[in-house]
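Report on the following structure.
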Amino acid sequence: MSFEPSARIETVLQEERVFKPSSNVLGKYSISSFDQYQQLVDSAKSNPEKFWGDAALKELHWFKPFDIVLDWSNPPFARWFDGGKTNVSYNCLDRHVLNGLGDKIAIIWEGEPGEVRRITYKELLIEVCRTANALKSMGIKKGDLVALYMPMVPEAAIAMLACARIGAPHSVVFGGFSSEALRDRLNDGQAKAVITADGGFRKDKIISLKEAVDAALINNSCPTVKSVLIVKRTKTNIDFFPERDIWWHEIVPSQSIECLPEQMDSEDRLFVLYTSGSTGKPKGVVHSTSGYNLWAHLTFKWIFDVQKDEIYWCTADVGWITGHSYIVYGPLSNGATTVMYEGVPRPSNPGAFWEVIQKHKINIFYTAPTAIRAFMKSGRKIPDQYDLSSLRLLGTVGEPINPEAWMWYREIIGRNNCSIVDTWWQTETGGVMISPLPLATSTKPGSATFPLPGIQADVVNSQGETVQADQGGYLVIKKPWPGMMRTVHGDPKRFRETYWEYLEPIEGDLVYFAGDGARRDKDGYFWIMGRVDDVINVSGHRLGTMEIESALVSHDSVAEAAVVGKADEIKGESIVAFVTLETDNAPSEVLMNDLKKHVIKEIGVIAKPEEIRFTNSLPKTRSGKIMRRLLRSLASGEEVKGDISTLEDKNVLDELRK
Ligand code: PRX
């Protein structure tokens, strides 16, 4: 692996605006001043075991308390809270019902054609128990992996919690992935069952989820999958295979409403979630029970601090880590009311988000910069038509937010009355790592500000030395934290090499390298500068360039492909593919469209190249490595800068410029 940090970490943004923490709040907050934040940072640093141990005992329920807080004797394989027994669904449901919150609304679901479901904690517990019993009756046992391929319906959250209840790790696959991508994930994870729906509503269309599952399983392509549980959502006609297919409404409602939670070891797997990396195959990021639960719980509490009657809404899909940690586990573990929305803003309803905020009087709203930039483009007149006065806190996640979008969010959506929390984290980190705390941190537009207590983040050069203020470098985490991923499913070597051995050990310790570049300004604020590896971020969706290249090369006409990101005003980055063709194939509009369709078939619509450029050859070093840095410049129409002495054939550049 080799990164070209200089190509990306060179812009130094000059941003002098500072906004004091918000005072638009009433209630009891877990961190309410910068001093308090600093005290937590100090105590976590001086005695991490006590800090994390106390937090775990205070915030989670234990059937049996743990014996040790952290076993780091075999880095980077951490064991947190060993000896402890707990259950995440118990922490998210039973304990709240026992504490008198049974009638509180746990989930408000806003369905796409305008339906609403309000599910109390008591009702959610019953549904989760029934579903857990249904899974058991289908032969699912503790340790079996269950895949979910679902629309944004409450049954998605119910199924996740039901899996957690019986100790069956889940693997949620985003409903926008193709059947091929689903098949890869089912096989890699050795899934025993798939939970899906007949279809899902997306942007005024129906996506045929069950059909995609059938295609993934065709001809026994996923031999471990024995059953498919189907939620009826769109009433689409489906093919029904009685030997493996089961309707949710035929099996779940008749189950017992009681299901004892499995007492899980702290390090038992809670879920596997696939994400893209620098190399071809997506990685199954493994998260375990207690550490993840604690981190999702604590970070949600510190950052969003949802008060008794407040309503919180995160617009992510449960198919991504943000949906796992901040629609399901973080909010429910804290006993909060979480909103699930099936729709997305679209030309037929551009004010969809603001309508939901107005209708449900949302207090805390968490979304992605790409959405904010799209709203900015269509102007303030749309949000101005809605009453957004319930809002007190606004969050962003998934990609760097540019200061203009940050300011627009603050002024137009937050009416200058809400703090903005720009939260930096990853699938691998389990929960937020760097973020302002609304009552404690003065914010600067575009900066994720400071690491959360217990997180030892730094910006270093390739020798592991801390770089000076305003110098770009690699963003690293120097100490383990409870929510860290435990391994790459089935490939511990890849886990070690990708994340912990890319940089040299610092003072003898392995450090976690996130794949992002960052800088810290003179006041210590972190500014995330985006990926420095071969990963691109399109509308907050993380995609490996090699994954898209493999998809292109699997087309009969393609000899070679190189994919790079190009700056895009709304999406952050868009995908540009440089393609060389097999002899006897000529570039054409038809072939271009065919290649785009092929990528959609192999991966999903999120990976569709915006542009495909045909070329006779690709710029390579003498050792045959594609020089993406040059392609990035060419894709953005910039002059090729920097050293091109290693380029094998200089004529290639001239051809590509044409
Ligand atoms: O590059 C960073 C970017 O998203 C990557 C993680 O993607 P994923 O695992 O899909 O998780 C997304 C949701 C947590 C990171 O490596 N990223 C995420 N949040 C931010 C960000 N970049 C800048 N600022 C952020 N707030």
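The values are calculated or read from the model by the stated rules, or taken from the named source; none is laboratory data. Keep in mind that this is a model prediction, so the values were computed, not measured. Neighbour counts are summed over all protein chains in view; Cβ atoms, including those assigned to glycine, are modelled from backbone coordinates with ideal geometry. All accessible areas refer to the heavy atoms of the entire protein, side chains included, with ligands and DNA or RNA removed. Shrake-Rupley method; radii C 1.70, N 1.55, O 1.52, S 1.80 Å.
Counting DSSP beta bridges in the chain, what percent are antiparallel, to the nearest 5? The antiparallel fraction comes to roughly 60 percent. For the chain, taking a cut-off of 4.7 Å between Cβ atoms, the unpaired cysteines are 92, 163, 222, 314, 418. Note that the chain presents 39 Å² accessible area per residue, ligands and nucleic acids not counted, probe 1.4 Å.
Here the peptides 292-304, 561-573 are ranked by packing, the mean other Cβ count within 10 Å, and the order with the highest first is 292-304, 561-573. Cross-link partners for residue 235 among the lysines, with Cα-Cα distance under 25 Å and sequence neighbours closer than 8 places in the same chain left out: 203, 205, 210, 226, 601.
Where the alpha-carbon atoms of segment 246-333 are placed on the principal axes, they occupy 46, 40, 29 Å, in descending order. Note on residue 58 and residue 218: the model spin-label points, each 7 Å out from Cα along the C-beta direction, lie 5.6 nm apart. With only the Cα atoms considered, segment 614-658 has a convex hull volume of 69 Å³ per residue.
The antiparallel fraction among DSSP beta bridges confined to segment 215-307 stands at about 65%.
Computed 3J(HN,Hα) for segment 117-122, one whole-Hz value per residue from the Karplus formula 6.51 cos²θ - 1.76 cosθ + 1.60 where θ = phi - 60°, is 10, 10, 10, 6, 4, 5, glycine and proline marked x. With all projection directions averaged, the alpha carbon convex hull of segment 440-585 covers 11.9 nm². Between segment 369-422 and segment 533-612, the C-alpha centres lie 31 angstrom from each other. Under 19 Å of direct C-alpha separation, and excluding same-chain neighbours fewer than eight residues apart, residue 64 reaches these lysines: 50, 85, 142. Extension gain, residue 553-residue 39: 0.36 nm per intervening residue step, less the Cα-Cα distance, totals 179.7 nm. Over all Cα atoms in segment 393-475, the spread is summed up by Rg and Dmax: 13.9, 45 Å. Within the accessible surface of segment 526-658, defined with a 1.4 Å probe on protein heavy atoms only, the carbon and sulfur portion equals 48 percent. Rounded to the nearest 20, the Cβ-based charge dipole of segment 178-281 about its Cα centre (Lys and Arg +1, Asp and Glu -1) stands at 460 debye. Using the Cβ-Cβ distance between residue 623 and residue 523 with R0 = 45 Å, the FRET efficiency computed as 1/(1 + (r/R0)^6) comes to roughly 0.60.
For the chain, what does the alpha-carbon gyration tensor say about shape, rounded, prolate or oblate, given a ≥ b ≥ c as the root eigenvalues, a/c under 1.5 as rounded, and a/b over b/c as prolate? Rounded.
Extension gain for residue 98 to residue 569 (0.36 nm times residue separation, less C-alpha to C-alpha distance): 164.6 nm.
Rounded, prolate or oblate: which one fits segment 86-142, using the alpha carbon gyration tensor with axes a ≥ b ≥ c (rounded when a/c is under 1.5, else prolate when a/b beats b/c, else oblate)? Here segment 86-142 falls in the oblate category. Cross-link partners of residue 444 among lysines, defined as those whose alpha carbon lies under 17 angstrom from its own and excluding same-chain residues fewer than eight positions apart: 20, 522.
The phi torsions of segment 642-647, fed into the Karplus equation with coefficients 6.51, -1.76 and 1.60 and a -60° offset, translate into couplings of x, 6, 10, 5, 7, 5 Hz, rounded to whole numbers, with Gly and Pro shown as x. Give the shape of segment 130-203 as rounded, prolate or oblate, defined through the alpha-carbon gyration tensor: a ≥ b ≥ c are the square roots of its eigenvalues, a/c under 1.5 means rounded, and otherwise the shape is prolate if a/b is larger than b/c and oblate if not. It comes out oblate by the Cα gyration axes. Between segment 278-318 and segment 92-148, the C-alpha centres lie 17 angstrom from each other.
Distances between every pair of Cα atoms in segment 47-114, grouped in 5 Å steps from 0 to the bin holding the largest one, split as 4, 14, 18, 17, 14, 11, 9, 7, 5, 2, 0 percent. Computed from the C-beta positions of residue 116 and residue 256 and an R0 of 30 Å, the FRET efficiency is 0.60 to the nearest 0.05. Model label sites at residue 24 and residue 46, defined 7 Å from Cα along the beta-carbon direction, differ in position by 3.7 nm.
Per-residue ellipticity at 222 nm from helix content only, as computed over the chain with -39500 (n - 2.57) for each DSSP H run of at least four residues, stands at -7500 deg cm²/dmol. On full extension, the segment bounded by residue 71 and residue 605 gains 188.1 nm, given 0.36 nm per residue less the C-alpha separation. Put a dot 7 Å past the Cα of residue 645, heading toward its Cβ, do the same for residue 239, and the two dots end up 6.0 nm apart. Which percent of the accessible heavy-atom area of segment 350-424 goes to carbon and sulfur, probe 1.4 angstrom? Carbon and sulfur: 51 percent of the exposed surface of segment 350-424. Only protein heavy atoms count here; on that basis, with a 1.4 Å probe, residue 184 has an accessible area of about 90 Å². Taking N as the residue count of segment 31-186, its C-alpha radius of gyration divided by 2.2 N^0.38 Å amounts to 1.28. Mind checking segment 229-289 for GluC sites (Glu not before Pro) that DSSP puts in a loop (not H, G, I, E or B) and that have at most 13 other Cβ atoms within 10 Å? Taking segment 229-289 and a limit of 13 other Cβ atoms within 10 Å, the loop GluC sites (Glu not before Pro) found are 243, 258. Once backbone amide H atoms are built at 1.01 Å from N, residue 277 has 283, 544 as its partners under 5 Å, excluding neighbours fewer than 5 places away on the same chain.
The protection proxy used here, the mean number of other Cβ atoms lying within 10 Å of each residue, ranks peptides 216-228, 80-92 as follows, highest first: 80-92, 216-228. Dipole magnitude for segment 507-612: computed about the Cα centre from +1 point charges on Lys and Arg Cβ and -1 point charges on Asp and Glu Cβ, it is near 380 debye. Take 487-498, 445-456 and order them by the average number of nearby Cβ atoms within 10 Å per residue, most first; the result is 445-456, 487-498. Once C-alpha pairs closer than 8 Å and six or more residues apart are averaged by separation and normalised to the residue number of the chain, the relative contact order reads 14 percent. Taking Rh as the Kirkwood radius computed over C-alpha pairs, what is the Stokes-Einstein D of segment 356-436 at 37 °C in a medium of viscosity 0.692 mPa s, expressed in µm² per second? It diffuses with D of about 251 µm²/s by this estimate. Residue 123 sits with roughly 90 Å² accessible to a 1.4 Å probe, with DNA, RNA and ligands left out of the calculation.
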